[in-house]
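Step one of this worksheet: look at the structure below.
The values are calculated or read from the model by the stated rules, or taken from the named source; none is laboratory data. Quantities reported herein were computed from a predicted structural model and do not represent experimental measurements. Cβ atoms come from the backbone with ideal geometry, glycine included; neighbour counts cover every protein chain shown. Calculation scope for accessible area: heavy atoms of the full protein, side chains included, ligands and nucleic acids excluded. Shrake-Rupley method; radii C 1.70, N 1.55, O 1.52, S 1.80 Å.
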Amino acid sequence: MTELLLAVILVVAVLAMRAGDLLTSVILVGVMSLVSCLLFLHLAAPDVALTEAAVGTGVGSVVLIWIVFKTQRRVDRGSDR
Amino acid sequence: MRKTDILDVVARKLSPYMFLFGLYLVSFGDTSPGGGFQGGVVIASGIILLAMARGTGAAEALFPASRLTVLEVVGYVVFLAAGIVGVILGVGFLGDWFARGASVAARAATVGDTATATAAAAASAHRFVFLLNLIIGVKVAAGVSLICLTLFRET
């Protein structure tokens, strides 16, 4: 179960890095935070899981969404890649 | 940001329950999962939800930024004072200085009743942790919501 949750976190993190739409990236980071909250709950640390759910999924996502709306939504695929 | 009716209705219905859950986390933090920081962040995210759905003006009408600043600073000072009172009374920084529980524990210890002494000390410690959770909850809720309100207003 722990390995499964870790694998899901890894997959979602890679998807968040590769998404072209930054809003999608922010939502995927929120999903990653939610899965890691489940991981902490499975590892018998409900206090850490509550903190992760409140800070990572709640406040962090809100701040990141606000930043995306105030800057730009698309990723510039520059020539340096 | 464009606002929809769904966000408006959900935020108005949901944020009171977020405040209630945050207060539950703060007040039962000493016996169950939760605590001052988690409950404070949940209360702050309720305020942030109001600010995103109704605009920062509506959120600041309920929670003025000047009052949040005062709460944040007073919470810090009161928390430090709660720690230093323990130093003055000789139980160490952030030690449990609730006098009634301590005196009951001392009296029971002189009689030799260790079970009563332990129970009285544990009950006193629970009350002290509840007080600390309350202070931290107020401070964190004011601080985090103030950060986000300032960020949203100035951009």
Handout entry: aspartates and glutamates with Cα under 15 Å of B:LYS139, excluding same-chain neighbours fewer than 8 positions away
Key = B:GLU72
Fill in the blank from the handout: Quick tally, 1.4 Å probe accessible area for B:LEU50, A:LEU64, sorted with the most first, runs A:LEU64, B:LEU50
Completion exercise
With every protein chain in place, the accessible area of B:TRP97 for a 1.4 Å probe, in Å² rounded to the nearest 10, comes to 60 Å²
Practice task
Could you state how much accessible area A:ASP76 has, in square angstrom rounded to the nearest 10, with a 1.4 Å probe and all protein chains kept in place?
Solution key: 110 Å²
Problem - Expected 222 nm ellipticity per residue - DSSP helices of 4 or more, -39500 (n - 2.57), all of chain B, to 500 - result: -28500 deg cm²/dmol
Completion exercise
A correct Kirkwood calculation over the Cα atoms of chain B returns a hydrodynamic radius in Å of 17.4 Å
Problem - Peptide-level mean, for A:47-59, of C-beta atoms on other protein chains within 10 Å - result: 6
Handout entry: List A:GLU52, A:GLU3, ordered by accessible area with a 1.4 Å probe, largest first
Key = A:GLU3, A:GLU52
Completion exercise
For the range B:5-154, averaging the sequence separation of alpha carbon pairs under 8 Å that lie six or more residues apart and dividing by its residue count, the contact order in percent is 33 percent
Fill in the blank from the handout: Taking every residue of B:34-42, the Cβ atoms of other protein chains inside 10 Å of its Cβ average out to 4
Problem - Accessible surface of A:LEU6 - all protein chains present, 1.4 Å probe, nearest 10 Å² - result: 90 Å²
Handout entry: Relative contact order computed over chain A (Cα-Cα under 8 Å; 6+ residues apart), in percent
Key = 32 percent
Fill in the blank from the handout: Taking a straight Cα-to-Cα line shorter than 26 Å from B:LYS3, and setting aside same-chain lysines fewer than 8 residues away, one finds A:LYS70, B:LYS13
Exercise for the section: Count charges around B:VAL138 for me, please; just the other residues with Cβ under 12 Å from its Cβ, Lys/Arg as +1, Asp/Glu as -1. Expected result: +1
Exercise for the section: Would you list the membrane-span-like helices of chain A, meaning whole DSSP H runs whose alpha-carbon atoms span at least 18 Å along their axis and whose mean Kyte-Doolittle value is at least -0.5? Expected result: A:2-18, A:22-42
